[in-house]
Structures are given as C-alpha cells and as structure tokens.
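A short worksheet on the structure shown next.
The values are calculated or read from the model by the stated rules, or taken from the named source; none is laboratory data. In this text the structure is predicted, and so the values were computed from the model without any measurement. So basically every Cβ, Gly included, is an ideal-geometry build from the backbone, and we count neighbours across all protein chains shown. What goes into the accessible areas is simple: the full protein's heavy atoms, side chains included, and nothing from ligands, DNA or RNA. Shrake-Rupley method; radii C 1.70, N 1.55, O 1.52, S 1.80 Å.
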Amino acid sequence: MAKKRPSLTVGVLLLLFGASAFCAHNERYRPQFHFSPRTNWTNDPCGLVYAFGKYHLFFQHNPFANRWGHMSWGHAVSTDLVHWSQLPVAIPEGKKVAIFTGSSVFDRKNTSGLCKSKQGCIVSIYTGETPKTAGTPERQTQNLAVSQDGRTWTKYADNPVLDLGRGDSRDPKVFWYAPAKRWIMVIVLANERKVSIFSSPNLKHWHHESDFGPQGATRGVWECPDLYSLPVPGHTGETRWILKVGLNPARVPGGSGEQYFIGRFDGTHFRNDNPSGDIHWLDYGRDSYCELTFNNEPKGQTPRMIGWMDNWDYAGVAPTLPWRGAMTLPKALSLAEVNGSLALVQKPVEQLRSLRGDAFEYEGANEADLNRKVAAWPHRSQSFELDATIRLGAAKQIVWRLLQGKNDETLVGYDALKQELFVDRSHCANAHFSKAFPSRTTAPLKIGNGRLRLHIFVDRSSIEVFAQGGRIAMTNLTFPTPSSTGLSLDSSDEIGSIHLKISKLRSIWK
C-alpha cells in the first residue's frame, strides 16, 4: 500500500527548520541528557564520523511523522558527544528509494575522487531500499552521498556502487584499513545470518573478500554490523577485533538486541577467537540496538559508541510526543580479562561529568539512615547519576528503588544467590501501553570480593546500568509518573558498607 505523503508546505518546513518552533525539549518523558529529535520518528544511528571539528550523528528519521516511514538521514552535530545541535535532514529519501542505515568516512586523501578541496570530504555509504511491487522483489543496494562541508550532501550520480541483487543486504559499515591501504566494508546478508566483507581502493568499486557466520545467536535476522579493533590490556601492541551484529528478534529478554564476537581480522577474513556457539550480548536490557562506533576519531582516543534506545517490539507505540526514539549515552570502549577470557567493557564518556549539578553523598552501613537522608534531599529529580559501591555483607539481595511514586517504581538490584543483576520495570506507571513492555531483565554477574559497583544513569524515561566498571551494560526504557522522584535502598539483611554519590544532571537543551 502506498504511503500518503504530507503536504509540501509542512514537509518543507520540517526539513528546513527541523520543527524547532514546535518543541521545547521539555515534554513528559523527553530525555534531558540523551539525544532525541525535536519531532517525529528516529531509529538506528548511522554515519557516525568525526569531521570538520565536530562529531556527526546521523540517524534513521521520518521527517514527516511520529512513526516509521519516509526513511531519511537526520543529522545532529556535537563538539563533546554530549551537547547536540540538530541540523536539517542530510540525505532525504528519493522518489523510489528509502535511505536505510549506513556509515560515513572522512576521505582525507581523496581516494574517491569526489572531494573538491585538499582538506578532504565526508563520503556517506548507505543502503538504498526499493520496496517490492506486484512485479518486482524488494531490492537493497549500497550507495554513496558526498559532503564537502559537513552540512549538505549530494548523492553520487553512478549509484549504486554495490548491488548483490538481493533484498536483505544492508547496513554497510566502512572504515580505512591502513595495513592494506584500502577501504573495508562489512554488510549483513540478513536472512542468512552472515556478515559479508568487501574491499575497495576508492569507495566506488568493491571486491568481495569473505563471509562470516552464521555463528553465535542465529535466530531472527542479522542487522547493523560493526568492526573495529581494541588494544589487549597488558600486551603492548597487541589488538583484537570486535565484530558486532544486531539481531531482530531473538534477544533473550525479547525483541531486538545485539551480540559481539572477539577475534582477529587480517583485511580479508574475520576469525572468531571463541567457539562458534558462544554468545556474548552487548547489552542485557531491552532497549539498546544498532550501537555503532564513530569513524575518524581524534588521534589517541579509544572507540566511542552510541545506539538507538528502543526495541522493535513496541517502538511504534511508545507513549512519547511529538517525537519517538532517542539515542543511548555515548560510551568509551575497551577490553578486559574476565574469568580468564577477553570481554568488552563499556563506560559512559567522561564528558558527561560536565552536566553534574547538586550532589548527595553518603558513606556508612545504615540502610534506614541512608534512606531518611535521601528522602530529605531537596534536589531529587528524574534526571540523575547514581554511583554506588556496596559490600553485601550478610545481604543476599539488594534493590535500588528508583523513580518511586505512590504506586510507581522501577527496580535495579542484585541477587547474590543467583549471581544475577536485574532491572524490573513492571511497576512503572505507564508499563502497559504495550503487552510486550512490562519485563524483568537479568544479566549473569559474579562480583568476587562481595563488592557490587553500580553506575546508573536515569533520564526521565530511561535507566542505563553499568556494573563492575562496565563489564555489564543494561539499558531499559521506563515511563514513570512525572512526580515520581523517590529513591531508596532495600536489602534482605545487614549490608557491610555503602558508598554512594547521587548527582543531579543538567539538561543539554537550551
């Protein structure tokens, strides 16, 4: 069925001005320190690149409505990964081709021949999707668009640059592979649960190198691949490569989610270091998808990653207006040895500290005393950071009750007997807008010396939990009553010690 388009007047206004006149970024459930578009739908981040002195965040966007459709690349820029300015749509849909997920590179040496100045240009690589008709199947191809200034884009005249004749080949991640002096592209063959690797000297002509998969989790379809390297701790000069893949559906808690593989890449093949059946989840919550790293980051900086904070199970009916969808916190990535093998570590970027305002601190072991003092603290809000280290002592379970109201709360806790971290949003005020939403998500977690370290970010309608220094990440949406700012600790027995700091976080929106 053909999609009805809005009037030209509304469409032009939205594209040119980003609907700034219609939004104060302070609506109910609006995140205050996460990026969300002023209005209308967003899903996957894409095209993440540092260029012309700014971080560029592109995102799947419908410029015309608060639902999926008219897929185009929205655009926002930042100098610090925290404060974002939304710009006009960068790559709009074509008459017959939707603009799906992809990546951007900074072609510093003009290998593509598309840059008009010596300083280089941004080349964006996206999947063009032509929907099926009564006489033709769906078609997904890889295409280029070029920007000379980081603000306007021109589609390449000879698109597509890669056409496999399929309807499930999508989401290109492209990067420069210095040892071979060529560009590498990874795309998914979604229905086959494979990642295909291609190479090119100029971004325009691509040669197939190899395929990876199926391995790991193989239900649902594969989407949103990423491939990047990280140093191995304690081994100077040694690296491992991370191949990340999205799955939809088939995530353990339900709906969309992501897995990663740790291995070696030689410019041609990716080889998994672990048994093919091992599964490593990127995030154990319900609401982190299509997390991707930035290309061309400043020298010496470890990879930064950002994702879509939602789930395909219910994204289309989330109770937010006039926008739907937001991005996760930006995270710095590293490797650590956990239980004898390497694992990915995710930590919120340090730049978030600039948002800290009024703070509450406590050190002791008296749960009742802590709760009295927190209840009396006058600066409680629905946008805050909680950093806590708890020595469990005799307690077999501890629970942080967050965003508490009269009949309203979301729980973040640890069960020592099950060795399990959990987030339970079943009792948030607006949990039943979708039957798929109420849930309790869990992650396996051994804490060793009995000290549980939790770094929690709460932002009106989301809770992101980082445990044990980023070894475990859990991202979950929650929809509380606007007045629910209660916070307390509940334990099953006496706690050994508590060290706590709560910081109110300022809004990034002017």
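A few points about this structure:
- Count of residues meeting criterion [over 29 Å from W377 (Cα atoms) and either assigned to a loop (DSSP other than H, G, I, E, B) or open to solvent by 20 Å² or more (accessible area, probe 1.4 Å) (or both)] in the range 441-488: 8
- Hits in the range 38-73 (condition: part of a strand (DSSP E or B), open to solvent by 10 Å² or more (accessible area, probe 1.4 Å) and small (G, A, S)): none
- Selection status of G135, small (G, A, S), over 22 Å from the mean Cα position of the chain (by Cα) and more than 30 Å from A250 (Cα to Cα): yes
- Screening the range 126-221 for strands (runs of 3 or more DSSP E) wholly inside it with 1 or more residues that are in contact with a strand residue (DSSP E or B) (Cβ under 7 Å, 6 or more places away or on another chain), of a type in the set (V, I, T) and surrounded by 18 or more Cβ atoms within 10 Å (Cβ to Cβ) returns the ranges 139-147, 169-177, 182-189, 194-200.
- Test for A368: is it assigned to a strand (DSSP E or B) and surrounded by fewer than 17 Cβ atoms within 10 Å (Cβ to Cβ): no
- Residue in the range 259-279 that is open to solvent by 20 Å² or more (accessible area, probe 1.4 Å), in a loop (DSSP other than H, G, I, E, B) and at positive phi present: no
- Residue check, G325 open to solvent by less than 20 Å² (accessible area, probe 1.4 Å), of a type outside the set (A, V, I, L, M) and at positive phi: yes
- Subset of the range 283-335 that is part of a loop (DSSP other than H, G, I, E, B) and of a type in the set (S, T, Y) - its residue that is nearest to P348 (Cα to Cα): T328
- Here P249 meets the list (1) in contact (Cβ under 8 Å) with a residue 24 or more places away in the chain; (2) touching a Pro at 6+ places or on another chain (Cβ under 9 Å); (3) of a type outside the set (V, I, T) almost entirely, failing just condition (2).
- For the range 418-437, the set of residues classified as without any contact (Cβ under 8 Å) to a residue 24 or more places away in the chain, surrounded by 14 or more Cβ atoms within 10 Å (Cβ to Cβ) and either more than 26 Å from T389 (Cα to Cα) or in contact with an Asp or Glu (Cβ under 6 Å, 6 or more places away or on another chain) (or both) consists of H427 only.
- Taken as a whole, the condition of being out of contact with any Gly (no Cβ under 9 Å at 6 or more places or on another chain) and without any contact (Cβ under 8 Å) to a residue 60 or more places away in the chain applies to G300.
- Condition check for E238: among the acidic types (D, E) and open to solvent by less than 10 Å² (accessible area, probe 1.4 Å): no
- Considered as a group, the residues in the range 84-104 that are more than 23 Å from C115 (Cβ to Cβ) and within 20 Å of the chain's Cα centre (by Cα) include one that is surrounded by the most Cβ atoms within 10 Å (Cβ to Cβ), and that residue is T101.
- L402 touching a residue at least 24 places away in the same chain (Cβ under 8 Å) and either hydrophobic (A, V, I, L, M, F, W, C) or open to solvent by 80 Å² or more (accessible area, probe 1.4 Å) (or both): yes
- Among the residues making up the range 84-138, those that are more than 19 Å from G165 (Cβ to Cβ), hydroxyl-bearing (S, T, Y) and free of Cβ contacts under 8 Å to residues at least 60 places away in the same chain are S85, S117.
- Filter pass, D226 being charged (D, E, K, R), open to solvent by less than 30 Å² (accessible area, probe 1.4 Å) and in a strand (DSSP E or B): yes
- Identity of the residue in the range 105-120, at pLDDT 95 or above and basic (K, R), that ends up farthest from the chain's Cα centre (by Cα): K116
- From the options L81, L14, L8, residue that is buried (at least 21 other Cβ atoms within 10 Å of the Cβ), farther than 26 Å from T302 by Cα and either in contact with a helix residue (DSSP H, G or I) (Cβ under 8 Å, 6 or more places away or on another chain) or modelled with pLDDT under 95 (or both): L14
- Taking each residue of the range 152-166 that is closer than 13 Å to G128 by Cβ and looking for partners that are modelled with pLDDT under 95 with beta-carbon atoms closer than 8 Å, six or more apart or interchain, yields K155/G94.
- Hey, Q60 of a type in the set (S, T, N, Q) and under 15 Å from the mean Cα position of the chain (by Cα) or not: yes
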